[in-house]
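Note sheet for the following structure.
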Amino acid sequence: MLILYPNPILRQKARKITKEEIQSPEIQELIFDMLEVMEKNEGVGLAAPQVGKSLRLCIIKKDGQTFILINPKIKSKSWSKEIAEEGCLSFPGKFLPVKRSRRVKVAALDKEGKKIILKGEELLARAFQHEIDHLDGILFIDRAIKTKI
Ligand code: CO
């Protein structure tokens, strides 16, 4: 079930998932459910708080490749930034310009609990930043560029 803004869970700082939990049926099932919700809603990314679980887990789909990130952390961001329209499954029909770093490097655990390092640029970098923000209760409306009238 997809959680929509302004549900307060979207503003909570999500907690880390322990190594023991990663292999548990609960987390594996949560990942499965999230993939389903993302597919059904044709999203590019989804964070666990958006399905009502305040846990540090997010998924991203780009060009047929699916990334499952547990306890992700941005290790580095490029100085160069770019502005693009962004949306979020928790804000149906809302699109706003957001400035993000063009490239990021992310460290996380995969669904087997193995440490992974991922590099992304442009749309993928944007998705990493958007989804990791969700885990800290930060939403794209907070980062949107105020448009002049
Ligand atoms: Co979002």
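Each reported figure results from applying straightforward, stated rules to the coordinates on display, with no laboratory input. Here the structure is a predicted model, which is why all the values come from computation and not from measurement. Because the Cβ atoms are built from the backbone with ideal geometry, glycine has one as well, and the counts that use them run over all protein chains shown.
Below is a table of values for the structure above.
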{"quantity": "In order through segment 20-34: 3J(HN,Hα) via Karplus (6.51 cos²θ - 1.76 cosθ + 1.60), integer Hz, x for Gly, Pro", "calculated": "5, 5, 3, 7, 5, x, 4, 6, 4, 5, 4, 4, 4, 4, 5"}
{"quantity": "Fluctuation leader among Arg11, Arg100, Arg56 - the chain, Gaussian network, Cα springs under 10 angstrom", "calculated": "Arg11"}
{"quantity": "Helical contribution to [θ] at 222 nm, DSSP H n ≥ 4, -39,500 (n - 2.57), averaged over the chain, rounded to 500", "calculated": "-7000 deg cm²/dmol"}
{"quantity": "Kirkwood Rh, Cα atoms: Rg over Rh of segment 50-93", "calculated": "0.99"}
{"quantity": "Dimensionless Rg/Rh of segment 65-118 - Kirkwood Rh, Rg from C-alpha atoms", "calculated": "1.06"}
{"quantity": "Gaussian network model of the chain, Cα within-10 Å springs - most flexible of Ser90, Ser54, Ser24", "calculated": "Ser24"}
{"quantity": "In nm, spacing of pseudo-spin labels at Lys73 and Glu42 (7 Å Cα→C-beta vector)", "calculated": "3.8 nm"}
{"quantity": "Rounded if a/c under 1.5, otherwise prolate or oblate - segment 1-85, Cα gyration tensor axes", "calculated": "rounded"}
{"quantity": "Built amide H within the under 5 Å cut-off of Lys94, gap 5+", "calculated": "Cys88"}
{"quantity": "Folded to 0 to 90 degrees: helix 123-135 orientation relative to the chain principal axis, Cα", "calculated": "70 degrees"}
{"quantity": "Rounded to whole Hz, the Karplus (6.51, -1.76, 1.60) HN-Hα couplings of segment 98-108, x for glycine and proline", "calculated": "10, 8, 9, 5, 6, 9, 9, 10, 10, 10, 7"}
{"quantity": "Whole-Å semi-axes of the ellipsoid equivalent to segment 24-149 (Cα gyration tensor, √5λ, descending)", "calculated": "23, 17, 12"}
{"quantity": "Estimated inter-spin distance, Glu26 and Leu123, nm [label 7 Å along Cα→Cβ]", "calculated": "3.6 nm"}
{"quantity": "Modelled FRET efficiency - R0 30 Å, Ala107 with Leu4, Cβ distances, 0.05 increments", "calculated": "0.50"}
{"quantity": "Share antiparallel - DSSP beta bridges, the chain, percent rounded to 5", "calculated": "95 percent"}
{"quantity": "For Lys75, distant residues with modelled amide H under 5 Å away", "calculated": "Lys105, Val106, Ala107"}
{"quantity": "Footprinting exposure proxy for Phe32, Phe91, Phe128, Phe140 (fewest neighbouring C-beta atoms within 10 Å first)", "calculated": "Phe32, Phe91, Phe140, Phe128"}
{"quantity": "Distance between modelled label sites at Glu82 and Leu96, nm, 7 Å Cα→Cβ extension", "calculated": "2.2 nm"}
